[in-house]
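The values are calculated or read from the model by the stated rules, or taken from the named source; none is laboratory data. Keep in mind it's a predicted model, so treat the numbers as computed, not measured. Note that we place each Cβ from the backbone using ideal geometry, even for glycine, and neighbour counts take in every protein chain shown.
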Amino acid sequence: MTKSERDSVELGDLGLDQGGHLLVKRALRTVSVGTPIAVYGNAPELAVHLRGWCRAQGHEIEIAKAADGPVAVIRRGGAEVGRWRGAEAAGEAATPENHAHGYWGLAGRSATVEAGAPAFDFPLDTRAEVWAEEAARLYAQAAASQWNPATAISWDEPFELHDEVEDAVVQVMTYLIENETAALVIPARFAALVHPHFREVMQLLAIQAADEARHIEVFTRRALLRRPKLGLSTVGGQSSLKTLIDEPDFALSAMLLSVLGEGSFLTLLWFLQQHAPDPITRQVARLVGQDEARHVAFGVAHLTRHVREDPTLLGRLADAIERRHDVLANTAGLNEEVFDALVLLAAGSWEPMALRDGWKKVQALIADMDQGRVHRLRKVGFDEIAAQALSALHTRNFM
């Protein structure tokens, strides 16, 4: 290709306002600043349109006089041309910046943002507040592990239960539903507050909310499988969950909900999987437990990183646990009906010796929950003594 061919554009009868500008822009991208590009064409008003377009784009233009020559000769403008003037990149694609600007708005990370864009108010806009290196991996894992409640569980599988055992299952499901409702509301609220620059965290919180919606569905479906309505919801249970929903701080909420609450909840799901009186309840507990393990993993990873960057966070986390304990000190904790239902499910029968064994298994469950909380608190950064003391303050309502 000769130089004259390379530095010219032939539009024929294609108008600049019909897509011709794309060919001109393409030609200009291939040359250095100040290099002339000859534009040929016979569309009406082409010269007028070229003049206005070049003025807007920052190029120099000379309208040709000869009838048999180009319509105009364009010289590529300065370094800003090819970008929006005054624009800047919204960070790098691979690694989030430490702080995300409000005027980056909804632009994807590393996008070029035109100057003058409106500023958005995303309160969670710093890396230290929200980030965990595991977020992208956990999101990918969650996206690949989504399961369909209608097909993943054998709802039609036959089983026979004593009426009182079925009632115990319904009561436990009722308790699980309200806990999972709180666990949906909280990440959904924070997902809307995270700056889109930290998209992996925003996406992970959103898919956690979707997980919880699915959990609510399967717990409800199991509860109503053979009963017309749910069981008892108590003041103590509702009060405990309200303290989680009312916590406005992302880090403190992650501690109370994910590290302590959902971590204890995960141990409960393993218990239910082991002692479920029917195959459907067992399947529900297993599938929900897989999802909850990811939620707990993100909470621990996020806080572990945050504490490394700001060791003073440990004091705020401890204060939050103590405040919640004080608020709930006069509540009943786990309602009697749920405790009794767990004992009956663990016992497997009404025989006195079996009930004693069931009671011991529930006590072992509570001890396992405590050990799990201590382990996670240690991982976040607390020493053994502090971890044990803080775990002991966790609500008797489990979540």
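Which of the residues belonging to the stretch 32-53 are over 18 Å from Ala66 (Cα atoms) and either out of contact with any strand residue (DSSP E or B) (no Cβ under 6 Å at 6 or more places or on another chain) or in a strand (DSSP E or B) (or both)? First the steps, then the outcome.
Kept after step one, since they are over 18 Å from Ala66 (Cα atoms), are these residues of the stretch 32-53: 32-35, 49, 52-53.
Hits for the stretch 32-53 are Ser32, Val33, Thr35, His49, Gly52, Trp53.
One line per residue, one yes/no per condition, for (1) at pLDDT 95 or above; (2) surrounded by fewer than 16 Cβ atoms within 10 Å (Cβ to Cβ); (3) among the acidic types (Asp, Glu):
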{"residue": "Ala94", "(1), (2), (3)": "no, yes, no"}
{"residue": "His101", "(1), (2), (3)": "no, no, no"}
{"residue": "Asp125", "(1), (2), (3)": "yes, no, yes"}
{"residue": "Ala150", "(1), (2), (3)": "yes, yes, no"}
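If we scan the stretch 380-392, do we find a residue that is in contact with a helix residue (DSSP H, G or I) (Cβ under 6 Å, 6 or more places away or on another chain), touching a residue at least 24 places away in the same chain (Cβ under 8 Å) and over 30 Å from Thr126 (Cα atoms)? Even if it seems obvious, please write down each step before you answer.
Just the residues of the stretch 380-392 that are in contact with a helix residue (DSSP H, G or I) (Cβ under 6 Å, 6 or more places away or on another chain), to begin with: 380-381, 387-388, 390-391.
Those still in the list that are touching a residue at least 24 places away in the same chain (Cβ under 8 Å) too: 380-381, 390-391.
With over 30 Å from Thr126 (Cα atoms) added as a condition, the list becomes none.
Within the stretch 380-392 (the criterion being in contact with a helix residue (DSSP H, G or I) (Cβ under 6 Å, 6 or more places away or on another chain), touching a residue at least 24 places away in the same chain (Cβ under 8 Å) and over 30 Å from Thr126 (Cα atoms)), the answer is no, since none of the residues qualifies.
Quick check: is even one residue across the stretch 188-209 surrounded by fewer than 20 Cβ atoms within 10 Å (Cβ to Cβ), assigned to a helix (DSSP H, G or I) and in contact with a Ser or Thr (Cβ under 8 Å, 6 or more places away or on another chain)?
no
Specify the residue that is surrounded by the fewest Cβ atoms within 10 Å (Cβ to Cβ); the eligible residues are those in the stretch 320-337 that are among the charged types (D, E, K, R) and touching a helix residue (DSSP H, G or I) at 6+ places or on another chain (Cβ under 9 Å).
Initially, the stretch 320-337 is screened for residues among the charged types (D, E, K, R), giving 322-324, 326, 336-337.
Within this subset, residues satisfying the condition of being touching a helix residue (DSSP H, G or I) at 6+ places or on another chain (Cβ under 9 Å) are 322-324, 337.
Values: Glu322: 13, Arg323: 15, Arg324: 22, Glu337: 18.
The residue in question is Glu322.
Yes/no matrix, rows are residues, columns are (1) more than 29 Å from Ile153 (Cβ to Cβ); (2) among the charged types (D, E, K, R):
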{"position": "His215", "(1), (2)": "no, no"}
{"position": "Arg226", "(1), (2)": "no, yes"}
{"position": "Ser233", "(1), (2)": "no, no"}
{"position": "Gly236", "(1), (2)": "yes, no"}
{"position": "Ser240", "(1), (2)": "no, no"}
{"position": "Pro248", "(1), (2)": "yes, no"}
{"position": "Ser258", "(1), (2)": "no, no"}
{"position": "Glu262", "(1), (2)": "no, yes"}
So which pairs qualify, if the first residue must be in the stretch 150-165 and in the same structural domain as Arg226 (by TED's automatic domain parsing) and acidic (Asp, Glu), the second must be part of a helix (DSSP H, G or I) and surrounded by 10 or more Cβ atoms within 10 Å (Cβ to Cβ), the Cβ gap must be under 8 Å, and the two must be at least 6 apart or on different chains?
-> Glu157/Pro279; Glu157/Ile280; Glu164/Leu344
Screening Ala392, Ala387, Ala346 for residues that are touching a Lys or Arg at 6+ places or on another chain (Cβ under 6 Å), modelled with pLDDT of 95 or more and over 18 Å from Gln273 (Cβ atoms) leaves only Ala387
Is it the case that some residue within the stretch 262-279 is over 21 Å from Asp368 (Cα atoms) and in a helix (DSSP H, G or I)?
-> yes
What do you reckon, is Leu11 under 43 Å from the mean Cα position of the chain (by Cα) and over 30 Å from Phe190 (Cβ atoms)?
-> no
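Pick from Arg323, Arg305: which is part of a helix (DSSP H, G or I) and touching a residue at least 40 places away in the same chain (Cβ under 8 Å)?
Numbers: Arg323 fails: touching a residue at least 40 places away in the same chain (Cβ under 8 Å).
Exactly one of Arg323, Arg305 is part of a helix (DSSP H, G or I) and touching a residue at least 40 places away in the same chain (Cβ under 8 Å), namely Arg305.
Of all residues in the stretch 259-315, which are among the small types (Gly, Ala, Ser), more than 20 Å from the chain's Cα centre (by Cα) and buried (at least 21 other Cβ atoms within 10 Å of the Cβ)? Walk me through it before giving the result.
As a first pass, look at the stretch 259-315 and keep what is among the small types (Gly, Ala, Ser): 261, 263-264, 276, 285, 289, 293, 297, 299, 301, 315.
So of that shortlist, the ones also more than 20 Å from the chain's Cα centre (by Cα) come out as 264, 276, 285, 315.
Across the stretch 259-315, the qualifying residues are Ser264, Ala285.
Tell me, which residue of the stretch 127-148 that is closer than 30 Å to His195 by Cβ and surrounded by fewer than 12 Cβ atoms within 10 Å (Cβ to Cβ) is modelled with the lowest pLDDT?
Of the residues in the stretch 127-148, the ones closer than 30 Å to His195 by Cβ are 127-146.
With surrounded by fewer than 12 Cβ atoms within 10 Å (Cβ to Cβ) added as a condition, the list becomes 133, 144.
Values: Glu133: 94, Ala144: 97.
Here the residue is Glu133.
Of the residues Ser239, Ser258, only one is assigned to a helix (DSSP H, G or I) and at pLDDT below 95; which? Break it down stepwise before answering.
Working: Ser258 fails: at pLDDT below 95.
The match here is Ser239.
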Single condition Arg189 does not satisfy, out of (1) closer than 30 Å to Val113 by Cα; (2) over 22 Å from the mean Cα position of the chain (by Cα); (3) basic (Lys, Arg) | (2)
Could you list, in sequence order, all residues of the stretch 184-214 that are of a type in the set (Val, Ile, Thr) and closer than 14 Å to Arg137 by Cα?
-> Val201, Ile207
Failed condition for Ala115, given (1) in a loop (DSSP other than H, G, I, E, B); (2) surrounded by 14 or more Cβ atoms within 10 Å (Cβ to Cβ) | (2)
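When the residues of the stretch 28-39 are narrowed to those that are hydrophobic (A, V, I, L, M, F, W, C) and closer than 17 Å to Ala56 by Cβ, which ends up surrounded by the most Cβ atoms within 10 Å (Cβ to Cβ)?
If we take residues in the stretch 28-39 being hydrophobic (A, V, I, L, M, F, W, C) and closer than 17 Å to Ala56 by Cβ, then Val39 is surrounded by the most Cβ atoms within 10 Å (Cβ to Cβ).
From Glu160, Glu217, grab the single residue that is within 25 Å of Leu244 (Cβ to Cβ) and either out of contact with any Phe, Trp or Tyr (no Cβ under 7 Å at 6 or more places or on another chain) or not in a helix (DSSP H, G or I) (or both). Write out each step before concluding.
Working: Glu160 fails: within 25 Å of Leu244 (Cβ to Cβ).
Only one candidate passes the filter, namely Glu217.
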Could you pull out the residue among Asp156, Asp163 that is closer than 22 Å to Glu217 by Cβ and either exposed (fewer than 14 other Cβ atoms within 10 Å of the Cβ) or among the basic types (Lys, Arg) (or both)?
-> Asp156
Can you confirm whether the stretch 222-234 contains a residue that is part of a helix (DSSP H, G or I), at pLDDT 95 or above and either farther than 27 Å from Arg305 by Cβ or hydroxyl-bearing (Ser, Thr, Tyr) (or both)?
-> yes
